[in-house]
Amino acid sequence: MLHAQVLERFMCQCIESQFMMPYEAVCSAATERLPYWCMVVVSAIAAIRACSLTVLSDVAVSRARSAQFQQSAMRYKGEELTGERLSLNGEGARALNAGLLADDRVLQRAVGSGVKGGVNRREQRHWASFVYAFSIAASVFHLVDLHPGLIPGLQLAMACTKCASLPVQSTRPRPASSLGQPHVQGDESSVAAAAAATASATASAVLAVAGAVSLGAASGRSRRAKLPKVVRLQQGQGMPSPTLEINYYELDAVEAPRILSAVRLAIKMASPIVQESTSPEERLLKLLSEPSVQSMLTTVSRLPVFSKEMALAFKEPFFFNLHHDHLGAAAFSEDDLDLLLAMKQLKYFWNLPQSQLAILLEQMARQLEGPSQAAPFQEFLRVLTQTPNHAKNIKHLRDELPAEVKAEYLRNAEYLETADAHAVYPTSIYRQCDGFTLATKDASTIEAVMSTTLTTTIKIARKVLEPSNHLLYNIYKPLGRCVAVVDDKVDAIYGKELDAYFAGHGIEFKKIVSSGNEADKDIRDVERILVSLKKAGQGRHEPLLVVGGGVIADIAGFAAALYSRNTPYVMLCTSIVSGIDAGPSPRVCCNGFDYKNLYGAYHPPVLTITDRAFWASLHPGWLRHGVAEIIKMAVMKDLSLFELVEQWGPKCLETKFGTVGDSVNDQAFQDVCDLIVGKAMEGYVRSEYGNLWETHQCRPHAYGHTWSPGYELPSGMLHGQAVGTCMGFGAYLAMKSDFIPEIECQRILKVISDCELCLWHPIMEDGAAVWRSQVAMIEKRGGNLCAPIPRPLGESGYLNDLSEEMLLQRLQEYKSICLSYPRQGRGVEEHCTEVGLADPQSKKMAPPDDRFVVTPTDLLITTLSKAKAQNDMATVGEVVRMLDGVDGMVVKYSTQPSEALHNISVQTAKSNPNWAEMEKKGTTSRLLEAEMISGQAEGQLLKLLVKFGAVKKVLDIGTFTGYSSLAMAEALPEDGRVVTLERQEEAAKMAAENWASSPHVGKIESRVGEAQALLQALASQGESFDLVFLDVDKPGYFALYQTLMETGLLRVGGLLAVDNTMYKGEELTGERLSLNGEGARALNAGLLADDRVLQVMLPLRDGLTLAFRQH
């Protein structure tokens, strides 16, 4: 229906009903989606017309009208009709309705009989009609936001415009008039004139509201007036001076149907544009100039996209039409949450990169219209990202737009500078601030409330690093680059996949590799990341990528919180701990003073991605300790999740949550694993996200984290194992407090034990230490213990009173129960060192003055620290001399080499000019250096290993000049054999010459070629070796190790020795590693993650690692 026809019909209803038409008639007009100016005109005309009506004299009819008003009072969006909980706006509307009905200055006098205070019913009815008509129009068309805070303002307005001229006989105090006009008395014509004048002035104000909102009026958007941000709240007589009210932002109302209509229209009009054959740059300019697209962009830029109202508007599923050429239209339900995510980012369109706008349009087309309608936008995105300027912001295109289009965008930007500066000058598109301030006139007292709103998204996904998965692409492609902090063990296994993903998408990738060990969760480790971020030029607007487990999530997240006071980050979770707890958590932290997570901040990731596929490479012990995070949420928040863990927990551990073995193809079990992970995640955010800054301590997810933080680090336990002890003790306390029955306590302890977690650890024998932990926790929790414990199973309760005497008694009682469980309550591989991780206490350092000197390193550190404090450069020189003497001392007190080995050392030392010449001629593939020789100390160690292990078969990968091959051959029995491999033929020739004079030359077999090919050939011949020495190009280390293990070339019971595993100390510096450094670290991490070997790194020369193959 045309707008004019709707307006005409509506006005006829107004006149026929003397502007007292039912509320439903007004709502009917609203459903026709009148343009905004029509709505304003309707409300204003209704108010003016009502003030000049001839009032019905029948008191009964008047009372009936009053009853009608009461029955059909303003209902914000019809919320009160639903019987559901009202929104904040709905509450405001209802409060205003009740206030009007109860106010004898408005409706009650209009339906009363006789004259009160010299004013007759006619004049009273004018005011009732005016307030009624305007209020209904305001409610339906959202001319004002009926917030509870509006009511005092309305009362004040009534006092200012009406009560000055109309005396009130009421027991209520009369608000002071800001106009200061004398009381008006006289005949009803003069009163009517005054009322009409007031109504006319009010109508003019209403029309001014419409005029104030000029941008996009024809689009049918509902918007609020740009009201002053500073308001003086008038006080009554005898009250203190006026209070200044300061509001900071003005945002439009959220109306999902209109928003969706605007987006759909924009998508419809944009589709043919993006399919044109012109350049992508020209298409983008034309798209931005399309009126429906421009209107949609400016509309969304004014919305409170982070608000609860916006979230609720997009809470329910909607439907899109997927068109088929011959099947007609089919409707499919789709989730609105991805559309909500797109809206949150679209608000900032003026500052978004061009390709990011294209991504958002493609996502909205997919959500609203289906995949086929999104295909043109996907193709447009592909060609746009191939242009050199796709990462430049939309606002940089303004001068290329038509003049009128540019002017419209600039008007919107100018408006938003005052109304919501986030939309035009954002620091980050992932957080917003708000506030409300009151101040006395002289500013001697100021009261303020401030808030920060963050947006975050959690995705449980699969195959995140496959090129077809665009979760990371959508964030980093528009930025053109990605800076990432990556766990060293993750990098060793998935580093190449990460590199390939970003390289394949043409995204610059800067990688900061950091240790993910609990021992490396110190403030100094956080500082190292901060320094690296500065060197990488990390921007405050671009999300850092964090890849790893719980430790990396904590320290890299903490670094992001500190860097430029807050830098957004994306968390790609590779462990069960980070995937369910530490990853999405707002709590980022590091350890200090032997206490878990002493320093920290509240800084959640903007996107958390959990992919179970990463769990396939986890050490079983790492996976096991992560299950503790699932158990805690099951016990405290979800009985059905607890029952799932009871039934499936051991199988989840055995199959690494369906990522290995036949379980990968068991769809039913895959669904169980997804359900367990999803329920645990949902329970976590339900507990955490409503208390982001820990403003209260009723935190169910802190179950298992009350007493264990005090003894986890000193015990050397894995975090999850320590949490297991604390969860078990908490369950016992819950039973003793009558929160749960004994049977539920037994169920909890059994689940913890069945998942091979620790119930009891000897460190808990130290009751005084456990009590100190409780005292520290009370300090941390604001003076309350508030220990979360089940009440009953699947729900949370809190224990706040536990004396030291009772704590010690309960500990002993609990211990006696734990001893009856398998392993006497102990966990499987419960310590960090048992799963290949460093002891958390290994990096504990006393102040230099208090440090007890045990090793040469201790001596050097204490001496250097004192020299630094005293600026004693002579002592610094002495430290340098001592450092330089370490290797010499090792050589001095080691067995001296044979004459043949000594000759090899001498000849090799002279070889550098020859290697340089050979590289220049191309006879070697790279520059070799004399320093690559194994050397005396390492050679003697290899000989000892051969002798001690009664080794007969040795594989030497990396011959060079033959030192290591001959050293091991000298230690072999007569029937022993060394097979040595070398890529460079010239080096192999030199080695052969060096062995020629040795009586052990017959034990050595030399092969030349690429190491991988030579290894495969040996494996095909059925070879296996007792000892393997690996000393070749470091980038190939891990691949060669995998070949040795998979082919059986390193037999079970055999020993692997690897040289240069501390490669030039690069990892100690915290700087970006070289390719060789990366290769060495990849092998180190791979060895740690492989439970088939036991290994130790020796600080001999450049680092020598020994790994024993146990199975």
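What follows draws every value from the coordinates through simple rules; no lab data is involved. Please read these numbers as outputs of a predicted model, since none were measured by experiment. Cβ atoms come from the backbone with ideal geometry, glycine included; neighbour counts cover every protein chain shown.
Hey, what D do you get for region 974-1111 in µm²/s if you plug the Kirkwood alpha-carbon radius into Stokes-Einstein at 20 °C and 1.002 mPa s?
Translational diffusion coefficient: 133 µm²/s.
Report, in debye and to the nearest 20, how large the dipole of region 750-881 comes out about its Cα centre when Lys and Arg carry +1 and Asp and Glu carry -1 on their Cβ.
So the magnitude is around 220 debye.
Taking every eigenvalue of the Cα gyration tensor of region 256-423, multiplying by 5 and rooting it, what semi-axes result, largest first, whole Å?
Values: eigenvalues 124, 92, 33 Å².
Rounded to whole Å, the semi-axes are 25, 21, 13.
Give the shape of region 550-664 as rounded, prolate or oblate, defined through the alpha-carbon gyration tensor: a ≥ b ≥ c are the square roots of its eigenvalues, a/c under 1.5 means rounded, and otherwise the shape is prolate if a/b is larger than b/c and oblate if not.
Prolate is the answer for region 550-664, as a/c is 1.5 or above and a/b outweighs b/c.
How big is the dipole moment of region 457-617 about its Cα centre under a simple scheme where the beta carbon of each Lys and Arg is +1, that of each Asp and Glu is -1, and everything else is neutral? Debye, nearest 20, please.
For this selection, approximately 440 debye.
How do 743-756, 1018-1031 rank on mean C-beta neighbours within 10 Å, highest first?
Details: 743-756: 20.1, 1018-1031: 18.5.
The densest-packed peptide leads the list: 743-756, 1018-1031.
Just want the answer: with Cβ charges of +1 for Lys and Arg and -1 for Asp and Glu, which residue in 407, 359, 274 is farthest toward the dipole's positive end in region 256-423?
407
Give the average over all directions of the projected area of the C-alpha convex hull of region 457-617, one decimal, in nm². Can you show the working numbers first?
Working: hull surface 32.9 nm².
For region 457-617, the mean projected area of the Cα convex hull comes to 8.2 nm².
Tally Lys/Arg at +1 and Asp/Glu at -1 over every other residue whose Cβ is under 14 Å from the Cβ of residue 362; what's the total?
Net of charged neighbours comes to +1.
Please compute the alpha carbon radius of gyration of region 366-417, then divide it by the globular-protein estimate 2.2 N^0.38 Å. Two decimals is fine.
1.51
From the cross-link list 459/511; 268/344; 392/489; 521/750; 406/510; 496/535, which pairs have alpha carbons spaced over 27 Å apart?
Details: 459/511 23 Å; 268/344 21 Å; 392/489 36 Å; 521/750 32 Å; 406/510 37 Å; 496/535 23 Å.
Check vs 27 Å cut-off fails for 392/489; 521/750; 406/510.
Are there any trypsin sites (Lys or Arg not before Pro) in region 441-483 that are in a DSSP loop and have at most 16 other Cβ atoms within 10 Å? List them by number.
Those satisfying the criteria are 441, 462, 463.
Work out the count of Lys pairs in region 899-1109 where the Cα-Cα distance is under 23 Å, with the pair 8 or more places apart or on different chains.
Lysine pairs, 8 or more places apart or on different chains, close enough: 17.
If you build the convex hull over the alpha carbons only and average its shadow over all orientations, what do you get for region 688-828? Give it in nm² to one decimal.
Mean orientational projected area (region 688-828, Cα hull): 7.9 nm².
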